[in-house]
């Protein structure tokens, strides 16, 4: 079953047609991205796509060369090359560069149907190859990560959770945990128990919800996940030694947490903002950075590259990437290029996101002291920085 | 509701607008271009997901403004659902105020 695919094409309308075709290979949760820009495509292709469909000829780039580059970063992905020229040389080059399937661009309904059959066969063989792996340890996932991701996405899904000794269900409706159950227990208590099964790493099958589940859990999902995180920290980081407590980090910090970050807080007039890397190393312009609560930058793979006053780097990178992907889908629906900048206006905070071909900058302002001029200044400042 | 959107369609620079309920139902829409109602629903759902994700991150926002070149997508979440407007111009705070000064009474007149 096709779950997540990417179409790289310079032809927007054609890409959208192919998206519809690919969606028939999946189910309700199938997610098809479209990239019109080869540079952006290179950035995002490292994500875990099951299938990448790529035009042999792209604007400003040879699709077959791009395939060669992407294949190095994502060798497990299946690749379909679509070409207007079905000559043997193009076909041979496509396979030589790593294509799994070569497709002459279908232009009639009959040709589309034939192409679809070919792709189905590709996935049938792929499914057979993958079947044994699904039973292996690779499918074990962090339950709290899955719940968080589904809630953040506003999904309505049933998570069928299986640990070594038990199994249960978690119902998420429109981004909130509504109900959880396993034999002998239900509600919040069941959910908390399940978070602890097998150390929080279990097998999960996701099924789309078709009805509103009964609500036995009223607590917001973040609150539900919070105590477990705290418990884990306590369990792993403090140990009694000679009657005292010592903090012993068991795990090496992640790449992003090693950055010199401080807690998110309103900036002080007298302090220069903490910034990494050194601002002097940035190829800045004439516009000064306006006063912000915090700001950061991610590349199109979702990696946090730099930031200031960022309290939770991973979460910041995630939310920026999430917004970017959602607005990328909107751009495709509107048949326009990706957004230049975006403003989110809230009662307490305002946010500005500025995007270009290489990444997204994201700033948070305090509504009380933010003016439109400052937001415009931030956009201008971003444009003068080199991504 | 359609009467409100007939008038919203006449607002200067308006390419398309829609109001989509929490259940994903299209309560009203207008489009001065080929944007389909399905696409408007899809766009509104994405906007709702963005607002929902920000709420979860303790950065609640009710209005979003997205610049796509010289065009702008404006979205706002209200009690009736997510209202989206796609405009053929850049916007600033004054334009936003001007837009909602016209839209809000029209929606309110229809009980939204």
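Just so you know, all these numbers are worked out from the coordinates, no wet-lab data involved. Remember, predicted model here, so these are calculated numbers, not experimental data. Glycine also receives a Cβ, built like all others from the backbone with ideal geometry; neighbour counts cover every protein chain displayed.
Report the normalised scattering of region A:279-384 as log10 I(q)/I(0) at q = 0.15 Å⁻¹, calculated by the Debye formula with identical scatterers on the alpha carbons. Taking Cα atoms of region A:279-384 as identical point scatterers yields -0.61. Relative to the current alpha-carbon distance between residue A:149 and residue A:72, full extension at 0.36 nm per residue lengthens the span by 24.9 nm. Placing a label point 7 Å from the Cα of residue A:31 along the Cα-to-Cβ line, the residues of region A:311-341 whose backbone N sits under 18 Å from it are A:314-333. Paramagnetic label reach from residue B:6 (point 7 Å along Cα→Cβ; backbone nitrogen cut-off under 17 Å): within region B:22-40, residues B:28-32. Placing dummy labels 7 Å off each Cα toward the beta-carbon, the span from residue A:12 to residue B:109 is 3.4 nm.
Based only on other Cβ atoms within 10 Å, what is the fewest-to-most ordering of A:369, B:29, A:197, B:98?
A:369, B:98, A:197, B:29
Among A:348, A:295, the ranking by other beta carbons within 10 Å of each residue's beta carbon, starting with the fewest, stands as A:348, A:295. The spacing between region A:301-333 and region A:35-67, judged by their C-alpha centroids, is 21 Å. Applying 0.36 nm per residue to the separation of residue A:165 and residue A:357 and subtracting their alpha-carbon distance, the gain on full extension is 64.3 nm. Averaged over the residues of peptide A:319-331, the number of Cβ atoms from other protein chains lying within 10 Å of each residue's Cβ is 5.
Given N residues in region A:2-134, what is Rg(Cα) / (2.2 N^0.38 Å)?
Scaled against compact globular proteins, the figure is 0.97.
Over the C-alpha atoms of region A:324-387, the Rg to Rh ratio, Rh being the Kirkwood estimate, stands at 1.00. Under the simplified labelling scheme, the residue A:209-residue A:376 pair shows an inter-label distance of 4.5 nm, with each label point 7 Å from Cα along Cα→Cβ.
Projection of the Cα convex hull of region A:139-229, averaged over all directions and equal to a quarter of that hull's surface, yields 5.2 nm². Counting neighbouring beta carbons within 10 Å and listing from fewest to most, the residues A:205, A:380, A:78 come out as A:205, A:380, A:78. Using the Cβ-Cβ distance between residue A:4 and residue B:95 with R0 = 45 Å, the FRET efficiency computed as 1/(1 + (r/R0)^6) comes to roughly 0.75. The Rg/Rh ratio for region B:2-109 is 0.93, where Rg is the radius of gyration of the alpha carbons and Rh is the Kirkwood radius.
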